[in-house]
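Remarks on the structure that follows.
Only the coordinates and a few stated rules stand behind these numbers; no lab work does. Keep in mind that what you see is a predicted model, and the values were worked out from it rather than measured. Backbone-built Cβ (ideal geometry, glycine too); neighbour counts: all protein chains shown.
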Amino acid sequence: MSDQTTIKSGEVLPTSLKDAISERYLAYAMSTIMSRSLPDVRDGLKPVHRRLLYAMRMLKLDPNSGYKKCARVVGDVIGKYHPHGDQSVYDALVRLAQDFAQRYPLVDGQGNFGNIDGDNAAAMRYTESRMTIFADLLLRDLDQDTVDFRPTYDGEDKEPVVLPAAFPNLLANGSAGIAVGMATSIPPHNASELCDGLLYLVKYYTAEPVEQPKSRLDKLLQYIPGPDFPTGGELVEKPENIREAYLTGRGGFRQRAKWEVEQGARGTYQVVVTEIPYQVQKGKLIERIAELIQSKKLPLLADVRDESAEDIRLVLEPRSKNVEPEMLMQGLFRLTDLESRFSLNMNVLDASQTPRVMGLQEVLESFLRHRFEVLQRRSRNRLEKIKNRLEVLEGYLIVFLNLDEVIRIIREEDHPKQSLIDTFKLTEVQAEAILNMRLRSLRKLEEMELRTEHDNLSAEKADLEALLESEELQKSAITQELKDLKKLLKEHPEVTNRRTVIGEAQELPEVPLEAMIEKEPITVICSEKGWVRALKGHVTETGEEKYKDGDKGKFWIPAETTDKLILFATNGRFYTIGCDKLPRGRGHGEPIRLMIDLGNDQDIVALFVHKPGRKLIIASTDGRGFIVDENSVIAQTRNGKQTLNVSGDVEAAFCEEINGDSVAVIGENRKLNCFAVEEISEMSRGRGVTLQRYKDGGLSDITTFNKDEGLSWKSGDRTRTEADLTGWYTRRGNAGRLAPRGFSRNNKFK
């Protein structure tokens with residue numbers, strides 16, 4: 001009995017859902033990777049682009065022919081080669097024609113093919129197209145058996161697996177795509193620089209692939225310093241980052257808009273942006289700048305205007321002539337796409353159709369290897385044709401040497417073909433060619449032409465055989481091809497001259513907050529329940545302010561929009577809020593807990609404007625505390641910064657600015673203790689040291705003062721001062737003694 005199981009048609013086999021989904025998803029993923037998203041390293045094209053160019057070639061839309069409707073091209077592509085939607089194919093065709101998207105457009109479009117503002121192209125029935133010289137270079141020698149062909153999706157025709165590609169299209173035009181589990185992102189480069197790099201590498205080419213020294217990358221980077229974007233701009237990436245990106249095939253390039261200053265009357269000026277980063281839509285960029293002006297996040301900028309025609313011209317008007325242009329542009333670079341980052345991920349399909357990430361050197365070597373293969377296949381194809389022609393020519397020459405006998409055989413023999421083969425030792429091909437020869441070819445002049453052709457073809461045959469046997473001759477041929485390509489590129493300087501300037505890699509200096517926010521006086525109001533708002537101007541508290549039912553005022557703080565508010569809560573955390581982010585208006589405002597991560601079970605201890613360099617004393621209800629530098633409590637996140645550690649029933653309760661050389665603390669037991677500030681440690685985080693010791697209760701209040709001036713406190717509407725602190729001025733950590741007669745009944749200093 002055979003071990004093999006015969007599966008009948010329509011039979012259902014049990015399988016696990018996991019295996020079924022895995023198998024189908026893997027098939028889908030591989031289809032997406034190989035047939036849609038990743039370019040081939042040899043011609044730099046995805047299948048849809050390759051099929052578009054091949055269909056245009058079949059329609060004879062070469063650079064010197066007339067245009068044809070794009071609908072005709074798209075129809076041929078989806079009908080013969082690409083079984084996908086017409087809109088996706090048309091979108092691919094449009095992109096190949098956009099000079100702001102392609103560094104070297106492969107399609108010459110006539111009509112509306114979109115613009116850098118982000119507007120869409122016209123419908124395919126209105127636009128026309130043909131190939132450019134760069135597309136012609138990619139297709140050159142396609143009919144000379146230089147590449148393999150495969151059946152189309154319906155099996156009725158054939159299409160090329162890859163194009164011969166006499167142009168380094170992958171790096172010249174770049175590529176972008178997202179597959180399943182992988183993606184590719186390759187920026188455009190200057191083709192003339194790529195030719196220089198290829199001319200350098202071709203000297204080290206070997207028939208058998210070997211790992212090349214990484215040291216050659218440094219020499220390559222002298223020829224190819226970085227990407228060359230169609231929209232120009234300035235490349236401001238560090239050289240070491242560029243080298244690392246090209247070495248590994250992963251990284252990124254920081255690009256910046258190109259701008260200049262135009263002077264006006266009376267010392268005024270305006271900044272004019274003439275080039276913007278690659279793949280940034282001008283329309284959306286202007287909208288973004290306008291939004292920032294509207295929201296006052298760009299206070300240095302008064303207005304933006306688009307005066308672009310064929311060239312880009314964005315006019316930026318500063319709010320004041322005293323504003324430095326560099327400071328203005330720094331803000332724009334930080335907040336808008338006038339500076340952007342283009343990622344590098346050279347994930348491509350190699351010659352065996354395996355997706356992998358390559359470095360710059362490996363990509364160029366793969367292109368060279370493809371060109372050598374094209375050269376060899378083209379030479380073998382030509383050599384085969386020459387051999388066939390020489391065989392026919394040798395038969396013709398026999399005719400001229402034995403013309404009368406050949407004529408007799410043809411006229412008299414019943415089987416002239418076989419008789420010619422037997423008589424003159426001819427081949428089948430030669431005999432057939434002689435029988436098909438026209439009488440006019442028997443002229444003496446024709447014999448001389450045949451001998452000349454025979455000699456020329458024999459010489460060409462010898463050259464081709466020598467070429468195929470010699471790697472050095474092949475290198476010379478490829479070198480000449482690259483030189484011819486570079487010469488052709490020089491004939492089109494408007495397309496091939498470098499557009500992106502290699503600038504200095506410098507980090508943007510920190511722009512002060514005051515420079516990015518319009519400075520205005522405000523009054524910050526915060527209620528006892530944590531509702532906060534900001535009134536315009538410095539407003540005096542009148543007592544008639546309205547709060548929500550059951551709520552009342554707690555903090556009334558004059559500030560500026562450029563200030564930072566510091567909030568200290570009962571959980572011992574400090575929080576930071578920008579005054580420019582506070583809600584405006586005369587309503588009830590918004591809960592401050594929406595701006596920071598402060599729990600509903602926590603209360604606000606202190607709220608004040610940040611003043612750099614101050615020293616604060618913070619303390620908890622159990623009488624422990626320490627001194628902290630105000631600069632160190634600034635929080636960068638909504639979660640705040642833990643400073644005073646508390647646990648259980650103990651809470652943070654006090655935060656006071658140090659104004660004096662002494663500290664006074666009073667407990668809930670009305671015992672007062674005073675001591676020198678130097679006795680308290682300065683810390684950045686912790687529980688602190690004991691300020692006062694209690695048997696029952698805890699800390700009621702804390703303040704600082706100058707010993708020489710005495711201790712003051714408020715009692716009703718009066719302020720009282722105790723100059724003689726004998727008995728109260730002791731050491732930190734003592735229990736203290738009862739407060740002086742007349743001390744406030746609420747056990748508070750203020």
Can you list the residues, at least 5 places off or on another chain, whose amide H is less than 5 Å from the amide H of G249, using H built in the peptide plane?
-> L360
Likely footprinting exposure, M595, M56, fewest C-beta neighbours within 10 Å first | M595, M56
Label-point separation in nm, V161 to K385, each point 7 Å along Cα→Cβ = 2.2
Please state the charge dipole magnitude for the chain, taken about the Cα centre, from unit charges on C-beta atoms (+1 on K and R, -1 on D and E), reported in debye and rounded to the nearest 20.
-> 2820
Which aspartates and glutamates does K546 reach when only Cα atoms under 16 Å apart count, and residues fewer than 8 places away in its own chain are ignored?
-> E528, E590
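So, R0 is 51 Å and r is the distance between the beta-carbons of T354 and L401; what FRET efficiency does that work out to, to 0.05? Intermediate values should be presented prior to the final figure.
Working: r = 58 Å, r/R0 = 1.13.
After rounding to 0.05, the efficiency reads 0.30.
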Compactness relative to 2.2 N^0.38 Å, alpha carbon Rg of the chain | 1.53
Per-residue HN-Hα couplings for segment 167-180, Karplus 6.51 cos²θ - 1.76 cosθ + 1.60 at θ = phi - 60°, whole Hz, x for Gly and Pro?
-> 9, x, 5, 4, 7, 5, 9, x, 6, 8, x, 10, 9, 9
Considering every pair of different Cα atoms, what Kirkwood radius, in Å, is found for segment 513-738?
-> 18.8
Expected unfolding gain across D629-R334 under the 0.36 nm per residue rule, minus the alpha-carbon gap, is 103.2 nm
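What does the charge count near H538 come to, summing +1 for each Lys or Arg and -1 for each Asp or Glu among other residues with Cβ under 14 Å from its Cβ? Before the final figure, lay out the partial values.
Details: positive: K519, K536; negative: E520, E541, E560, D563.
It works out to a net charge of -2.
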Once label points are set 7 Å from the Cα along Cα→Cβ at both R216 and D303, what is their separation, rounded to one decimal in nm?
-> 5.8
Subtracting the Cα-Cα distance of D696 and D601 from 0.36 nm times their residue separation yields 31.7 nm
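Among rounded, prolate and oblate, which fits segment 54-134 when a ≥ b ≥ c are the square roots of the eigenvalues of its C-alpha gyration tensor, a/c under 1.5 means rounded, and a/b larger than b/c means prolate?
On the way: a/c = 1.62, a/b = 1.16, b/c = 1.39.
It comes out oblate by the Cα gyration axes.
Give me the Kirkwood hydrodynamic radius of segment 183-317 in Å, from all C-alpha pairs, to one decimal place? Don't skip to the answer; put the middle values down first.
Details: mean 1/r = 0.0552 Å⁻¹.
That comes to 18.1 Å for segment 183-317.
Once you have the Cα-Cα distance between N497 and T637, take 0.36 nm times their residue separation minus that, and quote the gain in nm to one decimal.
Numbers: separation 140, 0.36 × 140 = 50.40 nm, distance 4.74 nm.
The N497-T637 span can extend by a further 45.7 nm.
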Nearest-ten-degree value, helix 403-412 long axis tilted from longest Cα axis of the chain | 80
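Which value at 222 nm does the chain reach when only helices count, each DSSP H run of 4 or more adding -39,500 (n - 2.57), with the total divided by all residues and rounded to the nearest 500 deg cm²/dmol? Before the final figure, lay out each step's value.
Values: 19 runs with 235 residues, N = 750.
Result for the chain: -10000 deg cm²/dmol, rounded to the nearest 500.
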Calculated SAXS-style log₁₀ I(q)/I(0) at q = 0.11, 0.16, 0.20 Å⁻¹ - segment 623-750, Debye, Cα scatterers | -0.40, -0.81, -1.18
So what's the angle, to the nearest 10 degrees on a 0 to 90 scale, between helix 17-32 and the longest Cα principal axis of the chain?
-> 70
Just grab the label-to-label distance for A290 and T268, each label 7 Å out from Cα along the Cβ direction, in nm (one decimal).
-> 2.1
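I need the calculated FRET efficiency for the pair I658 and R313, taking r as the beta carbon distance and R₀ as 51 Å, to the nearest 0.05.
On the way: r = 57 Å, r/R0 = 1.11.
Computed FRET efficiency for I658 and R313 comes out at 0.35.
Determine, for R243, R732, the number of other Cβ atoms within 10 Å of each Cβ, and report the residues in order from fewest to most.
R243, R732
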Partners for K69 among aspartates and glutamates (Cα-Cα distance below 20 Å; same-chain residues under 8 apart left out) = D86, D91, D99, D108, E128, D136
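I need the calculated FRET efficiency for the pair L457 and E240, taking r as the beta carbon distance and R₀ as 45 Å, to the nearest 0.05.
Details: r = 56 Å, r/R0 = 1.25.
The formula returns an efficiency of 0.20 here.
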